1. Residues in region 58-69: is at least one crowded, with 17+ Cβ neighbours inside 10 Å, among the polar types (S, T, N, Q), within 15 Å of the chain's Cα centre (by Cα) and at pLDDT 95 or above?
2. Which is outside any helix (DSSP H, G or I) and of a type in the set (G, A, S), of G18, G32, G10?
3. Name the helices (runs of 4 or more DSSP H) wholly inside region 72-132 in which the number of residues that are among the small types (G, A, S) and under 15 Å from the mean Cα position of the chain (by Cα) is 1 or more.
4. Take the conditions buried (at least 24 other Cβ atoms within 10 Å of the Cβ) and within 13 Å of the chain's Cα centre (by Cα) and apply them to T11. Does it pass?
5. I need the full set of residues from region 173-213 which are among the small types (G, A, S), closer than 19 Å to L90 by Cα and without any contact (Cβ under 8 Å) to a residue 24 or more places away in the chain, in order please.
6. For T53, indicate whether it is under 21 Å from D19 (Cβ atoms), hydroxyl-bearing (S, T, Y) and outside any helix (DSSP H, G or I).
7. Cβ-Cβ below 7 Å, separation at least six or inter-chain, first residue in region 124-148 and under 22 Å from F49 (Cβ atoms), second hydroxyl-bearing (S, T, Y): which pairs?
Amino acid sequence: MTPFIAELIGTMLLILLGDGVVANVVLNDTKGNNGGWMVITTAWGLAVFVGVTVAGPYSGAHLNPAVTIALAIAGKFAWASVVPYIVAQLIGAGMGAFLVWVMYKDHFNRNNDPGAMLACFCTGPAIRNYTSNIMSEIIGAFVLVFTIFYITGAEITPTKIPVGLGSVGAVPVAFLVWVIGLSLGGTTGYAINPARDLAPRIVHALVPIKGKGGSDWSYAWIPIIGPIAGAAIAALIYMQLH
């Protein structure tokens with residue numbers, strides 16, 4: 001297991017389980033239909049736990065380009081490794097989203113709501129206001145990365161898994177993502193992760209789903225720029241405080 005493969009598999013599991021719960025809740029005729037926001041946010045938190053548990057010992061389990069970039073800004077991660085990590089994260093996220101489509105293919109075929117189908121792959125705003133939307137993503141990602149710095153001592157490396165407790169060490173990050181979703185996720189769906197949104201959005205554009213509609217590319221820059229900006233701000237403030 002190399003760091004590249006670990007990031008790929010960890011991110012794939014994150015998106016498979018995260019986008020999977022959205023599909024389970026919003027698509028017609030599933031066992032979890034209309035499960036609600038608590039179900040979605042809880043499963044996303046647990047999806048983070050799974051991804052971090054698998055990838056942590058080998059790559060540090062960034063699973064998020066914003067986290068990788070923030071660690072590099074803080075001097076805790078080599079800039080030379082940033083691009084390979086991000087490529088792995090994007091590939092893994094795309095694979096996870098594709099598996100969600102495979103898993104729920106029959107249910108996609110029974111759905112006639114393009115918005116619900118798109119939500120199974122990527123995020124979208126509750127109220128479309130780009131200024132407010134990007135601020136939501138900046139704030140959410142700031143909370144994520146700033147808190148991760150304090151959980152891990154500003155390091156996420158193969159030798160420093162969060163809290164240093166093996167798989168149990170993934171629990172604080174899972175709780176962190178859970179509370180971000182519950183508290184801050186109602187505006188944009190809390191992407192807080194460029195790979196989580198971009199690669200699945202590409203998959204949505206490519207897979208054959210009848211009546212799926214467009215992939216909302218006019219919004220796609222928000223969950224890319226917002227999380228990276230929020231993470232960078234978190235890194236810079238952390239550096240000033242320490």
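The values are calculated or read from the model by the stated rules, or taken from the named source; none is laboratory data. What you are looking at is a predicted structure, and each value in this text was computed from that prediction instead of being measured. Cβ placement follows ideal geometry from the backbone for every residue including glycine, while neighbour counts extend to all protein chains displayed.
1. Among the residues of region 58-69, at least one is crowded, with 17+ Cβ neighbours inside 10 Å, among the polar types (S, T, N, Q), within 15 Å of the chain's Cα centre (by Cα) and at pLDDT 95 or above, which makes the answer yes.
2. G32
3. 82-103, 114-119
4. yes
5. Hit for region 173-213 is A205, nothing else.
6. The answer is no for T53.
7. These pairs meet every condition: G140/Y190; F146/Y238.
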